[in-house]
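The values are calculated or read from the model by the stated rules, or taken from the named source; none is laboratory data. Computed from a prediction, not measured in an experiment: that's the story for all the values here. Cβ placement follows ideal geometry from the backbone for every residue including glycine, while neighbour counts extend to all protein chains displayed. Note: accessible area is taken over every heavy atom of the protein model, side chains too, but ligands, DNA and RNA are not part of it. Shrake-Rupley method; radii C 1.70, N 1.55, O 1.52, S 1.80 Å.
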Amino acid sequence: MKKNILKEVCSIHNGSTPSTSNQEYYGGDITWITPKDLSLQGKKYIERGERNITEKGLSNIKSKLLPKGTILLSSRAPIGLLSIANRELVTNQGFKNLEVNNEILSNEYLYYYLKIKINELENLGTGTTFKEISKSSLERFEICYPSLSTQKKIANILSDIDNKIDLNNQINDNLSYYFIQL
């Protein structure tokens, strides 16, 4: 088992928000994710949010277009919502985004690892109005991981369990709908 801090195995990027008073920044083709989007969809992967931004909006923020596979971590209001980008996208300032070095770490393994470490991540938050995780404290967050092949096996098993849970939830929803119709 290896141990590293996050900044040694991934690049961490802050999210950003274009000025909401400039309508030229919104309504484009670039997916823009907020913590609300993660809480509404509640899935491992995210592809779309409520709003998109334009190229002009992207060029006027301090964020970059994040590649598919980036782990999105809400870093405030609330801390700890997680998802994996299923396409290139950007996030608002409520995120720390982890672009994983795929030669060392599986992004799915890190996703599940962070999910079980949510309490520890929440404890990194500081602030008086609301708690927020700083980029520097997240960069120093220590993780443990096995070989890349073992990480992938662990992630596959956990993904299978997630898929089974989703299927069971769909069955429950269908049964509920059926019984309501009776």
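When you scan region 1-100 for strands (runs of 3 or more DSSP E) that lie fully inside it, which ones turn up with 2 or more residues that are among the polar types (S, T, N, Q)?
In region 1-100, 10-14, 71-75 are the strands (runs of 3 or more DSSP E) which contain 2 or more residues that are among the polar types (S, T, N, Q).
Kindly indicate whether L148 is open to solvent by less than 70 Å² (accessible area, probe 1.4 Å), out of contact with any Phe, Trp or Tyr (no Cβ under 9 Å at 6 or more places or on another chain), hydrophobic (A, V, I, L, M, F, W, C) and closer than 23 Å to Y45 by Cα.
no
Only one residue in I71, I84, I143, I116 is of a type in the set (V, I, T) and more than 18 Å from C10 (Cα to Cα). Which one?
Among I71, I84, I143, I116, only I116 is of a type in the set (V, I, T) and more than 18 Å from C10 (Cα to Cα).
Within region 94-116, which residues are crowded, with 17+ Cβ neighbours inside 10 Å and either polar (S, T, N, Q) or over 15 Å from S159 (Cα atoms) (or both)?
G94, F95, K96, N97, L98, E99, V100, L105, S106, N107
Filter region 159-182 for residues that are open to solvent by less than 80 Å² (accessible area, probe 1.4 Å) and of a type outside the set (S, T, N, Q) and give the result.
Scanning region 159-182 gives D162, D166, I171.
If only one of K2, K56, K43 is open to solvent by 20 Å² or more (accessible area, probe 1.4 Å) and within 13 Å of the chain's Cα centre (by Cα), which one is it?
Result of the check over K2, K56, K43: K43.
How about region 117-126: which of its residues are of a type in the set (A, V, I, L, M) and open to solvent by 20 Å² or more (accessible area, probe 1.4 Å)?
Hits for region 117-126 are I118, L124.
Pick from E88, E120: which is farther than 27 Å from I53 by Cβ, modelled with pLDDT of 95 or more and among the acidic types (D, E)?
E120
Which pairs turn up if I take residues in region 124-140 that are at positive phi and in a loop (DSSP other than H, G, I, E, B) and look for partners that are among the basic types (K, R) and surrounded by 10 or more Cβ atoms within 10 Å (Cβ to Cβ) with beta carbon separation below 8 Å, at least 6 apart in sequence or on another chain?
So the pair list comes out as G127/R76.
With the checklist (1) within 24 Å of Y45 (Cβ to Cβ); (2) touching a helix residue (DSSP H, G or I) at 6+ places or on another chain (Cβ under 8 Å) in hand, flag the one item S137 doesn't pass.
If we test S137 against (1) within 24 Å of Y45 (Cβ to Cβ); (2) touching a helix residue (DSSP H, G or I) at 6+ places or on another chain (Cβ under 8 Å), just (1) comes out false.
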